[in-house]
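Novice: A single structure is presented below for examination.
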Amino acid sequence: MNNDFKPELVEAIIDANLGLERPLLPVLHAIQEEFGFISEDAMRLVANRLNITRAEVYGVVSFYHDYRTKPAGRHVLKLCRAEACQSMGSEANAAALLTRLGLDWGGTTEDGRLTVEPVYCLGLCACAPSAMLDGELHGRLDAAGLEFLAQEAA
Amino acid sequence: MRIYVPCDAAALATGADKVAAAIVAEAGRRGVEAQIVRNGSRGMFWLEPLVEIVTPQGRTGFGPMTVADVPGLFDAPGQHPKAVGLVEEIPFFAKQQRLTFARCGVIDPLDLGDYIAYGGYAGLAQAIKLGPAGICAEVKDSGLRGRGGAGFPTGIKWETVRTAQADQKYVVCNADEGDSGTFADRLMMEGDPFSLVEGMTIAGIATGATRGYVYIRSEYPHSIRTMNKAIARARQAKLLGANVMESSHDFDMEVFVGAGAYVCGEETALLDSLEGKRGQVRAKPPLPALVGLFGKPTVINNAISLLTIPVILEKGAKYYAEFGMGRSRGTMPVQIAGNVKRGGLFEAAFGITLGEIINDIAGGTASGRPVRAVQAGGPLGAYFPPSLFDTEYDYEAFTKRNGLIGHGGLVVFDDSVDMAKMARFAMEFCAHESCGKCTPCRIGSTRGVEVIDKIIAGIEPEKNLSLVEDLCETMKLGSLCALGGFTPYPVMSAITHFPEDFQKPAMPLAAE
């Protein structure tokens, strides 16, 4: 993934979604998919092309948990913190991992390798605890399994 | 040899792809001709990945499978250590009444021929015959109530949209299944997606809506992919688009992907999100049925409600209404999750008791310790202690016990749970997910976390407990939607049923 802002790529994304009834969210999803985050330059361009204010675009970007305004690490590990995973000990496992990595929720390791984020339910509640690493799902993740997963993401 | 390996997200999360690859490799090594079908999940998650081999007696299962278990499938399947016998005779499965989920885990989810062979599109054919008013009457007679949690009669909602006058109407499917402990929508979107296409098409014909949206949360990437493929295939087969199934009705639909906001599961916030805005709750009235998406009349239903429509039309309202109890007609897909021995999806007629589900069907906790609490209905649902396990699964029976069925989730906790912590989490979650529009939810949840923290620290517990109670009353009565309005359910039920967890030894006065 290349984080550099490329206006022509953003333009192409907007063009591809202009036929939709309300293209803003799909456009933002695609920009984040392409660049890993949504930069201020990208927001400015989107506002301009969709003929809405920058405040509206910023309001949407900051409202939804999915959207990032800064690049994440090379790998993103989302750990479920919802009740079903809690009932199987997810909080203690997550706390141990975060302590070892020296991170808070949402933090990225110094080498830019891994970002650890909370997620509230992946729908794997009968095989808890669960996590998603770069879009891949993992269930029945005990402390050792989680540690293995975090190390695997090199 | 015909072998089924599920492609459901829960199966994939527990290694189904690796198992499928190992089966192909092993078959190749042995020169056995193996046809692998990637089905949905049967919903017996403690067995996932659950591999099924077709035999003259029926489909026989093996699970939970690992790559190391694969060679044994080809040696002596009868003696395989992971053999679970005929899948449909497993008590957890055999005890169910699968109406909505009849095809889930059985068919190849994206094989339209398979879908039709198992009764698919019989409901739509019947709907076209009945016409809009006839369909609405049928749905009303079935007694189907909204499966998202509110329990509003679906047929009445449809009738309101049908009789509304507008140049454009919409069908919106709420598949923003954010409640912890629930996965019914996901299971069906990945295991039987054409059912949702068919259900939404019927809703469109019934109400005169020609456009539909399925709002799927971004946390469900597999559901998004499968639904997109199913929609494309249905369109190709002229089951979507102009003159659906050679009728005079037009209907088409698309997937809309959410962006990680729990509150968008609330119907009006969902509509704002679909319109490309922040997902903020709207005040009602006006009802979405009259002023919904883009200000047009809109049917907005939970995915499970829409997924149940085809079977109601196929088998008739009377057939469906014969299941259930009281004013809760038909079946409910109960989702058993958390610290549980046999977790999964259990579709049964209303009326089964909580204790039967947790103790008999699910077999108690996974940890083997005693069950202490069950949260019913997601993060906004009440915690039930075992002393209330005689509660029958029924909208009204749950209300009487100060709880709710919600979307059908049950999260089991063993005796190591700290209920003061869970009450705090309920407030914290509400603060995290509040859309910010109304004050009781936006501010109340943050104040709630602070006050519960004081109770946990032993600071004036009695005074602070009554403050929490007062705060909950305000949130319940003053919030615009169920997020702020129902957060008091988990909080108050934890305080009421588990008071001992809130009585920490009082902190000694600060030493001078």
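The values are calculated or read from the model by the stated rules, or taken from the named source; none is laboratory data. Since we're looking at a predicted model, the values are computed, not measured. Backbone-built Cβ (ideal geometry, glycine too); neighbour counts: all protein chains shown.
Novice: Quick check, is residue B:309 among the β-branched types (Val, Ile, Thr), more than 22 Å from residue A:120 (Cα to Cα), touching a Ser or Thr at 6+ places or on another chain (Cβ under 9 Å) and more than 13 Å from every other protein chain (Cβ to nearest Cβ)? Steps first, answer last, please.
Specialist: On the way: among the β-branched types (Val, Ile, Thr): yes; more than 22 Å from residue A:120 (Cα to Cα): yes; touching a Ser or Thr at 6+ places or on another chain (Cβ under 9 Å): yes; more than 13 Å from every other protein chain (Cβ to nearest Cβ): yes.
Spelling it out, residue B:309 is indeed among the β-branched types (Val, Ile, Thr), more than 22 Å from residue A:120 (Cα to Cα), touching a Ser or Thr at 6+ places or on another chain (Cβ under 9 Å) and more than 13 Å from every other protein chain (Cβ to nearest Cβ).
Novice: With respect to the numbered conditions (1) within 21 Å of residue B:499 (Cβ to Cβ); (2) buried (at least 21 other Cβ atoms within 10 Å of the Cβ), which one is the sole condition not fulfilled by residue B:434?
Specialist: That leaves (1) as the condition not met.
Novice: Separate question: Just give me the residues in segment B:26-64 being out of contact with any strand residue (DSSP E or B) (no Cβ under 7 Å at 6 or more places or on another chain) and without any contact (Cβ under 8 Å) to a residue 40 or more places away in the chain, in sequence order.
Specialist: Result: B:28, B:29, B:31, B:33, B:55, B:56.
Novice: Inside segment B:312-341, can you point out the residues that are surrounded by 20 or more Cβ atoms within 10 Å (Cβ to Cβ), within 14 Å of chain A (Cβ to nearest Cβ) and farther than 21 Å from residue B:198 by Cβ?
Specialist: Selection gives B:334, B:335, B:336, B:337, B:338, B:339, B:340.
Novice: Can you tell me which residue within segment A:56-79, out of those that are of a type in the set (A, V, I, L, M, F, W, C) and away from chain B (no Cβ under 11 Å), is surrounded by the most Cβ atoms within 10 Å (Cβ to Cβ)?
Specialist: Only one residue tops the list, namely A:79.
Novice: Quickly run through segment A:123-135 and pick out the residues that are more than 13 Å from the chain's Cα centre (by Cα) and either within 14 Å of residue A:76 (Cα to Cα) or within 7 Å of chain B (Cβ to nearest Cβ) (or both). Walk me through it before giving the result.
Specialist: Let us first name the residues in segment A:123-135 that are more than 13 Å from the chain's Cα centre (by Cα), namely A:123-130.
Answer for segment A:123-135, where residues must be more than 13 Å from the chain's Cα centre (by Cα) and either within 14 Å of residue A:76 (Cα to Cα) or within 7 Å of chain B (Cβ to nearest Cβ) (or both): A:123, A:124, A:125, A:126, A:127, A:128, A:130.
Novice: For segment B:111-129, enumerate the residues that are in contact (Cβ under 8 Å) with a residue 12 or more places away in the chain and crowded, with 17+ Cβ neighbours inside 10 Å.
Specialist: Residues satisfying the conditions are B:112, B:115, B:120, B:121, B:123, B:124, B:126, B:127, B:128.
Novice: For segment B:288-302, how many residues meet the condition of being crowded, with 18+ Cβ neighbours inside 10 Å and away from chain A (no Cβ under 12 Å)?
Specialist: Number satisfying all stated conditions: 10.
Novice: What is the residue count in segment B:273-287 for residues that are surrounded by 18 or more Cβ atoms within 10 Å (Cβ to Cβ), touching a residue at least 12 places away in the same chain (Cβ under 8 Å) and within 14 Å of another protein chain (Cβ to nearest Cβ)?
Specialist: Total satisfying the criteria: 6.
Novice: Could you identify the single residue in A:38, A:31, A:13 that is outside any loop (DSSP other than H, G, I, E, B), under 23 Å from residue A:134 (Cα atoms) and within 14 Å of chain B (Cβ to nearest Cβ)?
Specialist: A:31
Novice: Within segment B:400-428, can you find the residues that are within 23 Å of residue B:445 (Cα to Cα), assigned to a helix (DSSP H, G or I) and more than 10 Å from chain A (Cβ to nearest Cβ)?
Specialist: B:419, B:420, B:423, B:424, B:427 - these are the residues of segment B:400-428 that are within 23 Å of residue B:445 (Cα to Cα), assigned to a helix (DSSP H, G or I) and more than 10 Å from chain A (Cβ to nearest Cβ).
Novice: Does residue B:454 meet the test of being facing another protein chain (nearest Cβ under 9 Å), more than 24 Å from the chain's Cα centre (by Cα) and part of a helix (DSSP H, G or I)?
Specialist: Details: facing another protein chain (nearest Cβ under 9 Å): no; more than 24 Å from the chain's Cα centre (by Cα): yes; part of a helix (DSSP H, G or I): yes.
So residue B:454 does not fit the description; no.
Novice: List the residue pairs whose Cβ atoms are under 6 Å apart, where the first residue sits in segment B:424-450 and is of a type in the set (A, V, I, L, M, F, W, C), the second is not in a helix (DSSP H, G or I), and the two are 6 or more positions apart or on different chains.
Specialist: What qualifies is B:426/B:487; B:430/B:487; B:435/B:280; B:435/B:281; B:438/B:479; B:438/B:480; B:441/B:434; B:441/B:479.
Novice: Sticking with this structure for a sec: Check off (1) within 21 Å of the chain's Cα centre (by Cα); (2) buried (at least 24 other Cβ atoms within 10 Å of the Cβ) for residue B:225 and give me the number that stays unchecked.
Specialist: So residue B:225 meets the others, but not (2).
Novice: Pick from A:53, A:69: which is hydroxyl-bearing (Ser, Thr, Tyr) and either in contact with a strand residue (DSSP E or B) (Cβ under 7 Å, 6 or more places away or on another chain) or in contact (Cβ under 8 Å) with a residue 12 or more places away in the chain (or both)?
Specialist: A:69
Novice: Within segment B:228-239, how many residues turn out to be within 25 Å of the chain's Cα centre (by Cα) and either β-branched (Val, Ile, Thr) or buried (at least 21 other Cβ atoms within 10 Å of the Cβ) (or both)? Walk me through it before giving the result.
Specialist: To start, the set of residues in segment B:228-239 that are within 25 Å of the chain's Cα centre (by Cα) comprises B:228-234.
If we keep only those that are either β-branched (Val, Ile, Thr) or buried (at least 21 other Cβ atoms within 10 Å of the Cβ) (or both) too, we end up with B:230-231, B:234.
Qualifying residue count, segment B:228-239: 3.
Novice: Another question, if that's okay. Give the residue that is nearest to residue B:344 (Cα to Cα), with candidates limited to residues of segment B:412-421 that are of a type outside the set (D, E, K, R), surrounded by fewer than 24 Cβ atoms within 10 Å (Cβ to Cβ) and in contact (Cβ under 8 Å) with a residue 60 or more places away in the chain.
Specialist: Among those that are of a type outside the set (D, E, K, R), surrounded by fewer than 24 Cβ atoms within 10 Å (Cβ to Cβ) and in contact (Cβ under 8 Å) with a residue 60 or more places away in the chain, it is B:419.
Novice: May I ask you to list the residues in segment A:71-122 that are of a type in the set (Asp, Glu), outside any loop (DSSP other than H, G, I, E, B) and within 19 Å of the chain's Cα centre (by Cα)? I'd like the intermediate steps shown before the answer.
Specialist: Our first condition is that a residue be of a type in the set (Asp, Glu); within segment A:71-122, this holds for A:83, A:91, A:104, A:110-111, A:117.
Retained after the next criterion (residues that are outside any loop (DSSP other than H, G, I, E, B)): A:83, A:91, A:117.
Within segment A:71-122, A:117 is the sole residue that qualifies.
Novice: Given the criteria at pLDDT 95 or above, farther than 30 Å from residue B:63 by Cα and crowded, with 24+ Cβ neighbours inside 10 Å, does residue B:173 qualify? Give the steps one after another, and end with the answer.
Specialist: Working: at pLDDT 95 or above: yes; farther than 30 Å from residue B:63 by Cα: yes; crowded, with 24+ Cβ neighbours inside 10 Å: yes.
Judged against the criteria, residue B:173 is a match.
Novice: Being on the phi < 0 side of the Ramachandran plot and over 21 Å from the mean Cα position of the chain (by Cα) narrows it down to one of B:257, B:263, B:291, so name that one. It would help to see each step written out before you state the result.
Specialist: On the way: B:257 fails: over 21 Å from the mean Cα position of the chain (by Cα); B:263 fails: over 21 Å from the mean Cα position of the chain (by Cα).
Selected residue: B:291, the only one of B:257, B:263, B:291 that is on the phi < 0 side of the Ramachandran plot and over 21 Å from the mean Cα position of the chain (by Cα).
Novice: Which numbered condition in (1) closer than 30 Å to residue B:368 by Cβ; (2) without any contact (Cβ under 8 Å) to a residue 24 or more places away in the chain; (3) not small (Gly, Ala, Ser) is the only one that residue B:470 fails?
Specialist: Only one criterion is unmet by residue B:470, namely (1).
Novice: Go through segment B:388-411 and report how many residues are within 20 Å of residue B:179 (Cβ to Cβ), crowded, with 16+ Cβ neighbours inside 10 Å and either out of contact with any Gly (no Cβ under 9 Å at 6 or more places or on another chain) or not aliphatic (A, V, I, L, M) (or both).
Specialist: The qualifying residues number 11.
Novice: Still on this structure, I have one more. When you look at residue B:259, is it of a type outside the set (Val, Ile, Thr), outside any helix (DSSP H, G or I) and within 14 Å of chain A (Cβ to nearest Cβ), yes or no? Can you show your working first?
Specialist: Numbers: of a type outside the set (Val, Ile, Thr): yes; outside any helix (DSSP H, G or I): yes; within 14 Å of chain A (Cβ to nearest Cβ): yes.
Yes.
Novice: Residues of segment B:180-224 being among the charged types (D, E, K, R), touching a Lys or Arg at 6+ places or on another chain (Cβ under 9 Å) and more than 12 Å from every other protein chain (Cβ to nearest Cβ), which ones?
Specialist: The one that is among the charged types (D, E, K, R), touching a Lys or Arg at 6+ places or on another chain (Cβ under 9 Å) and more than 12 Å from every other protein chain (Cβ to nearest Cβ): B:192.
Novice: Among the candidates B:367, B:387, B:434, single out the residue that is farther than 22 Å from residue B:354 by Cβ and either touching a strand residue (DSSP E or B) at 6+ places or on another chain (Cβ under 8 Å) or not assigned by TED's automatic domain parsing to the domain that holds residue B:267 (or both).
Specialist: B:434
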